[in-house]
Amino acid sequence: MPAPRAAARLTSGQLVFGKPEEAKGGRSLLWSCDSGRCVGVPMKAVNGSVKLNGAAVAGVRQVHAPPQPTSSMDDDGGAFRLGKFVEGRLVYRQQFVIRSYEIGPDRTATMETIMNLLQETALNHVMCSGLAGDGFGATRQMTLRKLIWVVTRINIQVDKYSRWGDVVEIDTWVASSGKNGMRRDWIIRDRNTKNMIARATSNWVMMNRETRKLSKIPEEVRQEVLPFYLDRSIIAADASGGGGSKIEKLTDSTAEHIRSGLAPRWSDMDVNQHVNNVKYIGWILESVPLDVLEDYHLTSITLDYRRECRQSQLLESLTSMTSSAASEPPLPASSRCSSDLQSTHLIRQQDDRAEIVRARAEWSCKGQEGRSSSPGMKL
């Protein structure tokens with residue numbers, strides 16, 4: 001019987017192999033990408049048994065494998081594109097350079113940039129784990145059942161924004177969340193200092209991509225992802241600005257600023273045929289006063305996603321700003337900031353005012369750099 005023409009993982013969990021390919025001398029090679037670098041492993045089939053490097057392997061089960069490597073994976077930039085597993089394959093780590101088009105007027109990375117990097121790391125985590133189907137971060141069993149992941153809440157806390165040319169290192173891992181959800185956490189560090197500069201946590205549920213209805217996690221999917229669960233939280237559920245506390249709904253009477261006529265573009269849509277969750281940050285900021293954007297850093301934001309948004313829907317952005325209860329040490333007289341700020345936001349459909357996203361944010365005066373509660377924290 002010929003060797004399987006699908007991917008296989010050893011029961012020890014040490015190697016993930018892709019589709020065999022022919023090598024010189026008539027050998028077949030399987031590619032191992034377990035350590036973040038990819039190498040070819042000779043294999044052959046003898047009387048139905050798979051042999052790797054001449055040794056028989058028992059108990060092989062089929063899974064999907066990451067894409068076959070190219071020569072570019074072995075150069076110095078390979079780590080920036082692929083990342084690697086640490087802590088026994090429970091944590092996925094990837095590095096990114098902050099590009100010129102990812103910075104804002106302050107010459108630092110924007111909150112949208114941070115969210116995009118978090119999303120990219122999460123998707124690469126799924127791909128390199130060998131579980132990826134043909135969906136947007138979906139596993140093979142999810143793809144077979146027409147299921148996709150949708151985010152219900154995300155909280156990001158930033159101690160320091162990176163600048164153009166800085167290199168950041170992002171760790172991510174997953175855990176269960178209730179009976180039918182998954183939690184994904186991230187840590188962002190400065191690669192040079194290893195100081196933690198941001199952290200994030202999120203909750204995800206499954207949706208049928210055709211009916212657009214939420215779904216329970218099938219047992220087959222649960223068994224796929226269970227070996228990757230790590231029971232570790234980077235942000236406590238009751239932490240300030242994050243966690244599970246309810247975000248109050250804004251109305252026309254409670255909102256101080258309303259921006260109407262926001263139109264999703266084709267480029268705002270993702271492969272799951274709805275607006276990418278990162279795009280809402282820009283619409284939220286559309287109704288934030290300009291002097292706040294000029295004088296304050298956005299240090300924390302929680303987004304509570306209520307429903308999908310399609311391209312045909314016009315949106316409204318509502319914002320209400322409040323001052324923090326107590327300002328810390330007095331600010332310089334030249335500063336226009338009087339205290340830190342908190343804000344509440346709502347993105348809704350313009351025609352029927354149906355809620356799409358609620359959000360809560362915290363803002364720190366730009367004259368208060370270095371006064372964060374956990375600057376330069378190492379983890």
message = Please list, in order along segment 88-94, the HN-Hα scalar couplings obtained from phi with the Karplus expression 6.51 cos²θ - 1.76 cosθ + 1.60 (θ = phi - 60°), rounded to whole Hz, x for Gly and Pro.
response = x, 6, 8, 10, 9, 10, 9
remark   = Packing-ranked peptide list from 88-100, 194-206, 258-270, highest mean Cβ count within 10 angstrom first, is 194-206, 88-100, 258-270
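Based on the mean of other Cβ atoms within 10 Å per residue, sort peptides 344-355, 220-231 so the most packed one is first. Walk me through the numbers on the way to the answer.
Details: 344-355: 17.7, 220-231: 15.0.
By packing density, highest mean first, the sequence is 344-355, 220-231.
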ask   = Where the centroid of each part is defined by its Cα atoms, how far is segment 168-224 from segment 100-147 in Å?
value = 10 Å
ask   = Given a Förster distance of 30 angstrom, what is the FRET efficiency for Lys146 paired with Arg99, based on the Cβ-Cβ distance and rounded to 0.05?
value = 0.30
task = Would you mind checking which residues have amide H under 5 Å from Ser177's amide H? H placed 1.01 Å from N; only 5 or more apart, or other chain.
result = Met182, Arg183
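DSSP loop GluC sites (Glu not before Pro) in segment 111-210 with at most 13 other Cβ atoms within 10 Å of their Cβ, which ones? Kindly include the intermediate steps, with their values, before the conclusion.
Values: sites: Glu112, Glu120, Glu169, Glu210; in loops: Glu210.
Within segment 111-210, the qualifying GluC sites (Glu not before Pro) (loop, at most 13 other Cβ atoms within 10 Å) are Glu210.
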inquiry  = What distance in nm lies between label points placed 7 Å from Cα along the C-beta direction at Tyr229 and Arg307?
reply    = 3.2 nm
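Since every read-out is calculated from the coordinates, none of them should be taken as a lab result. Predicted, not measured: the structure shown is a model, and the values here were computed from it. With ideal geometry, Cβ positions are generated from the backbone for all residues, glycine too; neighbour counts draw on all protein chains shown.
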